Structures are given as C-alpha cells and as structure tokens.
Amino acid sequence: MKFLKPTIATIAILLSGTALHAMQNKADTNGDNILTKAEATTAAQARFAKMDVNSDGVINSADADAKAAERFAKMDTNGDGSVSENEFIAAREARKAERQAKKEARQAERKTARKGKKGKGKKARRGNRGALAMLKRADTNGDNAVTQAEFMAHSDARFAKVDANGDGQITREERKAARQARNEKRKERRAQRRQNG
C-alpha cells in the first residue's frame, strides 16, 4: 500500500473539531459559560501538545509523518511491516465503529444539554478546512511549520478578537456576537463571489 507524503495540509487532520466555539465549550472548565484568558491558554497549550505528535515544539510535516506511522503500526496488527487487505478492512471498520460511538455520545450530550431549550441551532462544523485555514494563519513566517509561540500568539489573537470589552473573559453573549459577525462575513464573501462570477 502506498501512503501520500504528508504536507502542512495533512496536519489539519490533527486539528479536526477545533473551531473556536468548540474549544471554548471544552475550555470552560468550571462550566460558568465564561471563558477566561487562563482557561483559553490552558486549552490552547493542550491542543498544541496533542498536535505536536513528536514533541519537538513545532507542528510540521514530521508530526504528520509520526501520526501516519502511529496509524500504520495500529493497522499492522501482526507486526510484519505491511498492512494486508484484511488488516486494512479491520482497521477501517474499527475507526468507523469508534466514530459512530463518538457521534452517539455527542448526540446524547447535546440532547441532555438542550433538553427543554427550543430554538437552538446546530453547531457549525468547520472540520479540516477550518483547521487548515487556522494553521495557515498561525504560520506567520510561512515556513509550513507552526511553532508553539506562533500557535499561542494566534490563540491569543483569536481570544482578544472575541473578548469585545477586553476584560479577559469571553461571555456567551460575546461568543454569540462573534459567531454572528463570522456568519455575516461569510455571507458577504459568498455574495462577492456570485457577483464576480
């Protein structure tokens, strides 16, 4: 089996589900619907550590290589250095079952959280495209690698953008306003693309 050479784009896979609102919900450790700067910093550091697979302090193609090697080793259940069709199919089915279990757990969690709250919309899913865009924005020197300093600077800038009153906390209202502003910008970009053609 051939595997594609990882690039900065493949690193985006490591970032799946890291949209700001998702990060904020997870980072709000005390559940008060207010994200403090300290909570955001702790969450960003944890995300960076998770993405820095080889722990060298930089997110780059070496991390994608390390992640690919981990996945390959997991698929190669008999340890013979190659992945048979049966091993590949078994790994695919295991991933499918794992994704389904996670999906069901998320749905149950949302249902519990939304119980009795009508009119709530679905959360935006940015997936890998959003992760890749975030990586590109964080890579300020354009070297196809994101250092911890770049990552934390990007995270701090995102926090400051949402923290409208600059008090070091992001409230539910500020998150809602930021989400509405993003949606408006998307609408404007779509309208612009339609006009241009």
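Here are a few things to note about the model shown:
- Lone unmet requirement of (1) at pLDDT below 85; (2) surrounded by 12 or more Cβ atoms within 10 Å (Cβ to Cβ); (3) small (Gly, Ala, Ser) for Gly31: (2)
This table checks each residue for (1) part of a helix (DSSP H, G or I); (2) modelled with pLDDT of 90 or more; (3) open to solvent by 70 Å² or more (accessible area, probe 1.4 Å); (4) out of contact with any strand residue (DSSP E or B) (no Cβ under 8 Å at 6 or more places or on another chain).
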{"position": "Ala133", "(1), (2), (3), (4)": "yes, no, no, yes"}
{"position": "Thr140", "(1), (2), (3), (4)": "no, no, yes, yes"}
{"position": "Ser155", "(1), (2), (3), (4)": "yes, no, no, yes"}
{"position": "Arg158", "(1), (2), (3), (4)": "yes, no, no, yes"}
{"position": "Glu173", "(1), (2), (3), (4)": "yes, yes, yes, yes"}
{"position": "Lys176", "(1), (2), (3), (4)": "yes, yes, yes, yes"}
{"position": "Ala181", "(1), (2), (3), (4)": "yes, yes, no, yes"}
{"position": "Glu184", "(1), (2), (3), (4)": "yes, yes, yes, yes"}
{"position": "Lys187", "(1), (2), (3), (4)": "yes, yes, yes, yes"}
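- Taking region 142-153 as the range and being assigned to a helix (DSSP H, G or I) and touching a helix residue (DSSP H, G or I) at 6+ places or on another chain (Cβ under 7 Å) as the test, the residues that pass are Gln148, Glu150, Phe151, Met152.
- If only residues of region 80-103 that are open to solvent by 100 Å² or more (accessible area, probe 1.4 Å) and either under 26 Å from Lys26 (Cα atoms) or not charged (D, E, K, R) (or both) are counted, the one that is farthest from the chain's Cα centre (by Cα) is Asn86.
The values are calculated or read from the model by the stated rules, or taken from the named source; none is laboratory data. Note that the structure is predicted; figures quoted are calculated from it, not measured. We place every Cβ from the backbone using ideal geometry, glycine too, and count neighbours over all the protein chains shown. We work out accessible area using only protein heavy atoms, side chains counted, and drop any ligands, DNA or RNA first. Shrake-Rupley method; radii C 1.70, N 1.55, O 1.52, S 1.80 Å.
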